Amino acid sequence: MDNFLETLKNIGTSFVQNTGLAIVRTIAFLVLGVIIVKIVQNIARATTYKSRRLDQSAATFIVSLITVVLYIALIIVLVSSLGFSTAGIIAAFSAVALAVALALKDSLASLANGVIIIFTKPFKKGDYVEINGTDGLVQDIRLFNTKILTYDNVEVIIPNSEILSSDMINYSAMPVRRVVIDIPLPYAVNIQDVKEILLNCTASFDNVVNVPAPSVVLKEYGESSLLFSVRAWTQNEFYWNVFHGLKEALFNDLRLNGIEIPFNRLEVTVLNDSDKQSYNNENGKERG
C-alpha cells in the first residue's frame, strides 16, 4: 500500500513539474498573446486609418495581414510551450499551404491582383471606370474582386485577376473632363457666325469652366453637311449634366438664329395618268 501511494505521489509530482507546468505556461502564453495581438491590432488600425497615403481598403488589408501573422506566430509559440516539435508542424503547414495554393491558383491570382490594386490605386471607391466593356461607379475594392454599380443600378462583380489583364479607363482620375458635341449644319451657313453662336452658348452654360477655354472647330466636310465640333471642359461631377444640357441649349440657340440642323429627307412625287405617259415617253427616248 505504501508503495502504491508513493507511486501516485511520484506521478503527481512529475505531472505538476512537467505536464502541469507546461499547461499553465501555455495558458499564460495564450492570454498574454491574445492581449498583445489586440494591442497591436489597435495600434495598426489607428495608424493605417489615419494615414493620408492609404485608403480604407489598403488599411483594412494591412490590419488583416498583421492579425493573421500574429495569430500564426502565437499558435507556434503555444505548440512549442506544450513540448511539441515546431519543425514538424511548420513542415506540415507548408505542405498544406502548397496544396491549397495549387488548388486555388486562380483565387490566389485574384488575391495578388487585389493587393496590387489596393496599393497602386489605379482607381478608388467612388470612381467612374470602364473595365473590359463594363462601366459604372466603383462600390467596393475587395481582395478577390471589385464591385461596380452601373447607371442601370446593376451590381457587377469583376474578379481582380481580370482587371489588371484587361483595358481599363478611369474617367474620374482627372478633376475635369472634356465634353465633345458634334453638330451637322448646312453648307449654306456662315462658318464664322455659326462658330460665334455655338461658342457664346457654350461659354455661358452652367458648370462649363473657363480654363481650359471652350472651343468650336469645323471638324469635317460631310456628304450633305458641315460637321462642327463643340468642345468644353467641366468638373467630373457635372459631366453628364453638361453633356446632355448643352446639347439642348445649342439646338435652341441655333433655331433662335434661324439655323436648322439638316436631316435626311425622302421626296415623293405623285404622277397622274398624263404625267405617267409623258414620263414613260421621255424615259423611252433616253433608253433609245
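Here are the numbers:
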| read-out | value |
| --- | --- |
| Number of the condition not met by Val129 [criteria: (1) modelled with pLDDT under 80; (2) of a type in the set (Val, Ile, Thr); (3) in contact with a Pro (Cβ under 9 Å, 6 or more places away or on another chain)] | (1) |
| Given (1) more than 14 Å from Arg177 (Cα to Cα); (2) open to solvent by less than 40 Å² (accessible area, probe 1.4 Å); (3) within 30 Å of the chain's Cα centre (by Cα); (4) of a type outside the set (Ser, Thr, Tyr), number of the condition Gly222 does not satisfy | (3) |
| Residue in the stretch 188-210 that is nearest to the chain's Cα centre (by Cα), counting only those that are surrounded by fewer than 11 Cβ atoms within 10 Å (Cβ to Cβ) and part of a loop (DSSP other than H, G, I, E, B) | Asn210 |
| Meets criteria (in a loop (DSSP other than H, G, I, E, B) and either within 8 Å of the chain's Cα centre (by Cα) or surrounded by 21 or more Cβ atoms within 10 Å (Cβ to Cβ) (or both)) for Lys147 | no |
| Inter-residue pairs, beta-carbon under 8 Å, first closer than 15 Å to Pro186 by Cβ and at pLDDT 65 or above and in the stretch 250-277, second among the polar types (S, T, N, Q) and in a loop (DSSP other than H, G, I, E, B), 6+ apart | Pro262/Ser224; Pro262/Ser225 |
| Residue list for the stretch 114-130, restricted to those being assigned to a helix (DSSP H, G or I) and either free of Cβ contacts under 8 Å to residues at least 24 places away in the same chain or of a type in the set (Asp, Glu) (or both) | Thr120 |
| Only listed residue being at pLDDT below 65, in contact with a helix residue (DSSP H, G or I) (Cβ under 6 Å, 6 or more places away or on another chain) and surrounded by 11 or more Cβ atoms within 10 Å (Cβ to Cβ), chosen from Ser14, Ser80, Ser57, Ser107 | Ser57 |
| The stretch 160-185 - residue that is open to solvent by 50 Å² or more (accessible area, probe 1.4 Å) and over 28 Å from Ser215 (Cα atoms) and, of those, modelled with the highest pLDDT | Met168 |
| Selection from the stretch 228-242 of residues that are open to solvent by less than 40 Å² (accessible area, probe 1.4 Å), over 15 Å from Ser204 (Cβ atoms) and part of a helix (DSSP H, G or I) | Asn236, Tyr239 |
| Count of the stretch 163-187 residues which are over 26 Å from Ile131 (Cα atoms) and either over 35 Å from the mean Cα position of the chain (by Cα) or assigned to a loop (DSSP other than H, G, I, E, B) (or both) | 4 |
| Condition check for Ala213: modelled with pLDDT of 90 or more, over 19 Å from Lys247 (Cβ atoms) and not in a strand (DSSP E or B) | yes |
| Test: residue in the stretch 142-158 that is touching a helix residue (DSSP H, G or I) at 6+ places or on another chain (Cβ under 6 Å), modelled with pLDDT under 90, of a type outside the set (Val, Ile, Thr) and within 29 Å of Trp233 (Cα to Cα) | no |
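Each row is one residue, and each column tells you yes or no for (1) in a helix (DSSP H, G or I); (2) among the small types (Gly, Ala, Ser); (3) modelled with pLDDT under 75; (4) exposed (fewer than 10 other Cβ atoms within 10 Å of the Cβ).
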{"position": "Leu65", "(1), (2), (3), (4)": "yes, no, no, no"}
{"position": "Ala73", "(1), (2), (3), (4)": "yes, yes, no, no"}
{"position": "Ile89", "(1), (2), (3), (4)": "yes, no, yes, no"}
{"position": "Leu98", "(1), (2), (3), (4)": "yes, no, yes, no"}
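The values are calculated or read from the model by the stated rules, or taken from the named source; none is laboratory data. Only a predicted model underlies this, so the values are computations on that prediction, with no experimental measurement involved. Using ideal geometry, Cβ is built from the backbone for each residue, glycine included, and neighbour counts are taken over all protein chains shown. Just the protein is used for accessible areas: all its heavy atoms, side chains included, with ligands, DNA and RNA removed. Shrake-Rupley method; radii C 1.70, N 1.55, O 1.52, S 1.80 Å.
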